[in-house]
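Working notes for the structure below.
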């Protein structure tokens, strides 16, 4: 009887149900005057639920100032980085652009959308400087048209050029030096 008195069930409730276990998280249910189902919860359960629901709110409030400053900084920029648009790290963008393994299809799609929306064009000169490799094959010759097999050589170079990130340069040097 002490449990029932402690519940303080409103007199307007109908179809009242009371939990037999004094430790149950729902202590009682009933219908209010408009027929809506109402609940009375155990005090300890209310405290636990509130701690779970609002426990991280203080951490969020402490981080909010930093988040606002970062958003303001990003919005002041004239352009957004691929990392910001795609929501991934710079290394991940690099892995996608360089077609490296171990990148999920979903991540590739996000980065590709960012690349397309920002109109990204790879800077081969910057890539060459960074990697110390140009991936360029060149041939400098005089009189390409009169050299035997020059057509076969140029065709072979063009076929090689079909590989990713490879470039071919053919230069005919029939100019007089010092001109």
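Bear in mind these aren't lab numbers, they're just calculated from the coordinates by the rules spelled out. Note that this is a predicted model, so its numbers are computed, not measured.
Side notes on the structure shown:
- For segment 4-90, alpha-carbon Rg over 2.2 N^0.38 Å: 1.98
- Overall Cα dimensions of segment 46-145, principal axis frame, Å, largest first: 89, 32, 25
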